[in-house]
Amino acid sequence: MSRDVCVVTGVGPGTGKALAERFAEGYEVAMLARNEQRLDEITASVEHTHAYPCDVTDLHVLTATLDQIRIDLGTPSILLHNAVGGAFGDFLSIDSAVLERNFQVNTMALLHLGQALAPAMIEQGHGAIICTGNTSAYRGLENFAAFAPSKAAQRILLESMARHVGPKGVHVAYIGIDAVIDLEWTRKRFGDKPDDFFIQPTDIAGECWHIAHQPRSAWTFNVLIRPFGEQWSIA
C-alpha cells in the first residue's frame, strides 16, 4: 500500500464511522469493532476502509488482528482508540463486573494497542495515538461509578504514554467531548433539544484529524470540545 495506515477502534454508526470516513481521505483505514455487518456496510460505501471484526478486550484476538493489518495494509502510523465501555449506576448498586469490563475496553485495550503499535512509530520517528473521551475522565459523578474510573485511568495512562513517546516523535492526545453526540438514540432521548444542542460526529472527526496533523512545535495533549451553547461541565 502506498498510503499510510490508520487504525480506528470502536467503529459504530456515530463517531467511529465519521473517523473512518475522515481518515480514509488520506489513509488506508483499518476499522475494528465487534459488529462485522456494520463494518462491511462501511467498506462497501467508503473507499480505503477495511473491516477487521475484533473484540479489543480479547488480547489474543486483538494481537492476531493487528498482525493481519500489518500483512494486508502495512504498519499503522495512527491509532484512534474510540472503543468505549460505559454504564450508569452509583457505587452501591453497580455490578463490579461491569466496571471491570469497562476498564478492559477503555484502559487495558489502550495499553495493549499502544504496546503493539508505538514501537514501530518510534522507529519511524512519527505517528499519532489519540483517544476520544469525555468529561468522565476528569470527574466522578454519582451515577458514573461504573464508567468514570475507567475513563480517568485511560486519560492518565495516555498522559504517561505521551511523556514517554512524545520526545521520540509520536504525538499522543486525549480529546474530551463535553457534549451529547448526535446519534439516533440520543435524538430520541433528548427529543426536545434543538440541533445546536448536539455535537456532530463529523466535527469530532475533523478535530481528531487536526490533532493528528499538528506541527511538532505546537502539539496538544488535552483537548476539550463542546457545542457553542454548551454549559461547561469542566474548565
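Rule-based calculations on the coordinates, nothing more; no lab input. Everything quoted here is computed from the prediction, not taken from an experiment. Using ideal geometry, Cβ is built from the backbone for each residue, glycine included, and neighbour counts are taken over all protein chains shown.
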Of the residues that sit in the stretch 112-155 and are over 15 Å from the mean Cα position of the chain (by Cα) and without any contact (Cβ under 8 Å) to a residue 24 or more places away in the chain, which one is farthest from D4 (Cα to Cα)?
L141
On the basis of being under 21 Å from W209 (Cα atoms) and either in contact with a Leu (Cβ under 8 Å, 6 or more places away or on another chain) or among the aliphatic types (A, V, I, L, M) (or both), does V98 make the cut?
no
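Yes or no, residue by residue, for (1) farther than 21 Å from I199 by Cβ; (2) in contact with a Phe, Trp or Tyr (Cβ under 7 Å, 6 or more places away or on another chain):
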residue	(1), (2)
S150	yes, yes
R155	no, yes
S160	yes, no
P167	yes, no
Y174	no, yes
L183	no, no
Quick check on my filter: what residues within the stretch 173-194 are touching a residue at least 12 places away in the same chain (Cβ under 8 Å) and among the acidic types (D, E)?
D178, D182, E184
Selection within the stretch 199-222 - over 13 Å from L19 (Cα atoms) and polar (S, T, N, Q):
Q214, S217, T220, N222
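Specify the residue that is surrounded by the most Cβ atoms within 10 Å (Cβ to Cβ); the eligible residues are those in the stretch 27-72 that are without any contact (Cβ under 8 Å) to a residue 12 or more places away in the chain and closer than 17 Å to R3 by Cα. Spell out how you get there, then give the answer.
Step one: of the stretch 27-72, the residues without any contact (Cβ under 8 Å) to a residue 12 or more places away in the chain are 37, 40-41, 44-45, 58, 60-61, 64, 67, 70-71.
Retained after the next criterion (residues that are closer than 17 Å to R3 by Cα): 70-71.
Working: R70: 16, I71: 8.
It comes out as R70.
Just checking, which of G12, G89 is among the small types (G, A, S), under 21 Å from T132 (Cα atoms) and in contact (Cβ under 8 Å) with a residue 24 or more places away in the chain?
Being among the small types (G, A, S), under 21 Å from T132 (Cα atoms) and in contact (Cβ under 8 Å) with a residue 24 or more places away in the chain holds for just one of G12, G89, which is G12.
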